[in-house]
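Heads up, the thing below is written out as structure tokens.
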Amino acid sequence: MKILKTFLLLPLAAAIIMLSVANRQDVVFSLSPLPYEMEAPQYLLMLGVFAAGLLIGGSAVALSGVKRWRRKRLKSKAAYQAAPESNLLEAVKKQNKFPITLSLKRKQNPTED
């Protein structure tokens, strides 16, 4: 896992360094209707936009995962409450793809006679 992490982060770090060296000139950042302006190196603005995209995309993925997780939890909770206790084992077996069945048999001890 550490080797994979190194192979992924090393080219990313090299790309960031090359980007920052190639784009050192200052650019003006302004939001058109507002009177505010800011001068910053171009690579900082590009990295800021990239970081904002990562945060927004990660948040969207996390929120969609929470929605699916909640729906699945409510569905299993409703199935659990709908099944009476006597049929609960059968309901669980129907949900599982590979139901586990146990049969216990008592061994006969040959010395007991």
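The values are calculated or read from the model by the stated rules, or taken from the named source; none is laboratory data. None of the values given here were measured: they were computed from a predicted structure. Here Cβ is always computed from backbone atoms with ideal geometry, including for glycine, and neighbour counts include all displayed protein chains.
Can Asn23 be described as loosely packed, with under 10 Cβ neighbours inside 10 Å and either of a type outside the set (A, V, I, L, M, F, W, C) or modelled with pLDDT of 85 or more (or both)?
Values: loosely packed, with under 10 Cβ neighbours inside 10 Å: no; either of a type outside the set (A, V, I, L, M, F, W, C) or modelled with pLDDT of 85 or more (or both): yes.
So Asn23 does not fit the description; no.
What are the pairs, 6+ residues apart or on separate chains, where a residue within the range 1-23 that is among the β-branched types (Val, Ile, Thr) has its Cβ under 9 Å from a residue that is assigned to a helix (DSSP H, G or I)?
These pairs meet every condition: Ile16/Tyr43; Ile16/Leu47; Val21/Tyr43.
Go through the range 26-48 and report how many residues are outside any helix (DSSP H, G or I) and in contact (Cβ under 8 Å) with a residue 12 or more places away in the chain.
Our first condition is that a residue be outside any helix (DSSP H, G or I); within the range 26-48, this holds for 26-41.
Narrowing the set further to residues that are in contact (Cβ under 8 Å) with a residue 12 or more places away in the chain leaves 26-27, 29, 39-41.
Total meeting the criteria: 6.
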